[in-house]
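*Asks:* Input: one structure, supplied below.
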Amino acid sequence: MTNEARSGKAVVLLVGRLPGVIGDIATQLSDMQVEWLGAHDRGEVIRQLDSEPRIACVVMGAGLDDDVRGELIGVIAARRPDLSIHLKDRDSGPAGMAPFVRKVVDAIVLA
């Protein structure tokens, strides 16, 4: 059992186009009291949803194509209708991801 599992921390699933970006966001936000999971394709999203019941919300980056985002929203909603799904805007660019995730997690998960 991991330290995170023993701690009972809420889990946030970050979905993005590139695996490295997800890790970078988790590093930037390491001060937050959550466990970060990442996924960058349909298979990983399904695997994370099916294996981790503590996921509290999903944050999806803007780098994914709209068709892919739509498909993933459908997969998430079908498998876990209890989860809120938050989509980052494209206008703020990659630099806007960490602040967006922080706002979502503060308001939805840690409130």
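No value in this document is a laboratory result; all are computed from the given coordinates. In this text, all values refer to a predicted model and were calculated from it rather than measured experimentally. Ideal geometry is used to build each Cβ from the backbone, glycine not excepted, and the neighbour counts take in all protein chains shown.
*Asks:* From the square roots a ≥ b ≥ c of the eigenvalues of the alpha-carbon gyration tensor of the chain, which class results: rounded (a/c under 1.5), prolate (a/b over b/c), or oblate? Walk me through the intermediate numbers first.
*Replies:* Working: a/c = 1.56, a/b = 1.14, b/c = 1.37.
Taking the square roots of the gyration eigenvalues as a ≥ b ≥ c, the chain is oblate.
*Asks:* Just for the chain, what percent of DSSP beta bridges are antiparallel, to the closest 5? Numbers along the way, then the final one.
*Replies:* On the way: 0 of 15 bridges.
Restricted to the chain, the bridges split so that about 0 percent are antiparallel.
*Asks:* With runs of 4+ DSSP H residues as the only contributors, calculate the mean residue ellipticity of the chain at 222 nm using -39,500 (n - 2.57) per run, divided by the residue total and rounded to the nearest 500. Spell out each step's value before the answer.
*Replies:* Values: 5 runs with 47 residues, N = 111.
It lands at -12000 deg cm²/dmol.
*Asks:* Nearest 20 debye, what's the magnitude of the dipole of segment 20-76 about its Cα centre given +1 on Lys and Arg Cβ and -1 on Asp and Glu Cβ? Mind dumping the intermediate values first?
*Replies:* Numbers: 4 positive and 11 negative charges, 32 e Å.
Roughly 160 debye for segment 20-76.
*Asks:* Which far-off residues, 5 or more places away or on another chain, put their amide H under 5 Å from the one on Met60, with H placed in the peptide plane?
*Replies:* For Met60, whose amide H was placed from the backbone, the distant partners under 5 Å are Val15, His86, Leu87, Lys88.
*Asks:* Work from the charge dipole of segment 3-109 (Cβ charges, +1 for Lys and Arg, -1 for Asp and Glu, about the Cα centre) and give the residue of Val34, Val68, Ile46 farthest towards its positive end.
*Replies:* The one lying farthest along the dipole's positive direction is Val34.
*Asks:* Quick one: which residues, 5 or more positions from Gly38 or on another chain, have an amide H under 5 Å from its amide H? H modelled 1.01 Å from N in the peptide plane, none for Pro or chain starts.
*Replies:* Leu14
*Asks:* Read phi for every residue in segment 31-41 and hand back ³J(HN,Hα) as whole Hz from Karplus 6.51 cos²θ - 1.76 cosθ + 1.60, θ = phi - 60°, with x for Gly and Pro.
*Replies:* 6, 7, 8, 9, 9, 9, 10, x, 8, 10, 8
*Asks:* Something else: Simple spin-label model, 7 Å along Cα-to-Cβ: Thr27 to Glu52 in nm?
*Replies:* According to this spin-label approximation, the distance is 1.8 nm.
*Asks:* Can you tell me the dipole magnitude for segment 3-109 around its Cα centre, using point charges on the Cβ only (Lys, Arg +1; Asp, Glu -1), in Debye to the nearest 20?
*Replies:* On the way: 13 positive and 16 negative charges, 46 e Å.
That gives segment 3-109 a dipole magnitude of about 220 debye.
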